[in-house]
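What follows draws every value from the coordinates through simple rules; no lab data is involved. Just so you know, these numbers come straight off a predicted model, no measurement behind them. Here the Cβ is made from the backbone with ideal geometry for all residues, glycine too, and neighbour counts use every protein chain on show.
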Amino acid sequence: MYKHILFATDLSEETDYLLSKVKSMRTYTNARLSLIHVVEPMPGYSYAYLGIEDIEGQLIEESRTALAKLGEQLSVDKKDQWVEVGPTKSKVHEIAQQIGADLIIVGSHGRHGLSLLLGSTANAVLHGAKCDVLVVRLPE
């Protein structure tokens, strides 16, 4: 059974829906739980405008605060909480390998059409992960 779960969250309102699934899986497996949120970097040309670095820094700090609150809800130690900056897919894979996660849990909006063709974050995490991935369908 799973020993270390990595919950990849976008910290949106829909995170609340995922919490029951994460809690259930954790209870069922008695696994250690880690959390990750990835802040996508601002495009390079954005730095030409004043204040963009401040905005990105503010996003990172807000993410740390929100993830800490989520960590309290789930009883996850600070050392098992990750706020990373970069492409979501690669950062989730990187941290999953670094911590030895054997399951990644991520939510999916189940989009159709062009969004599906271009791929989603959940799809990107699923393909290329070296461990199991549980993709939870979010309500529409």
| note | Taking Cα pairs closer than 8 Å and at least 6 residues apart, the relative contact order of the chain in percent is 30
| field | Fraction of beta bridges assigned by DSSP in the chain that are antiparallel (%, nearest 5) | value | 0
| How big is the charge dipole of the chain about its Cα centre, in debye rounded to the nearest 20, if each Lys and Arg gets +1 on its Cβ and each Asp and Glu gets -1 on its Cβ? | 660
| query | Once every DSSP H run of n ≥ 4 in the chain is given -39500 (n - 2.57) and the sum is divided by its residues, what mean residue ellipticity at 222 nm do you get, rounded to the nearest 500 deg cm²/dmol? | reply | -13500 deg cm²/dmol
| query | Glu62 versus Asn30, label points 7 Å from Cα toward the beta carbon: distance in nm? | reply | 4.1
| said: What is the ratio of the Cα radius of gyration of the chain to 2.2 N^0.38 Å, with N the residue count, to two decimals? | reply: 1.06
| Using alpha-carbon coordinates, inclination of helix 52-74 to the longest axis of the chain, degrees | 20
| field | Using a Förster distance of 35 Å, the FRET efficiency for Glu72-Ser108 (Cβ separation, nearest 0.05) | value | 0.85
| task | Search the structure for amide H atoms under 5 Å from the amide H of Arg32, placed 1.01 Å from N in the peptide plane, and list their residues when 5 or more places away or on another chain. | result | His4, Ile5
| said: Using only the alpha-carbon atoms, how far is helix 88-99 inclined from the longest principal axis of the chain? Give it as 0 to 90 degrees, nearest 10. | reply: 50
| field | Burial ranking of peptide ranges 70-79, 30-39, 93-102 (average Cβ count within 10 Å, highest at the top) | value | 30-39, 93-102, 70-79
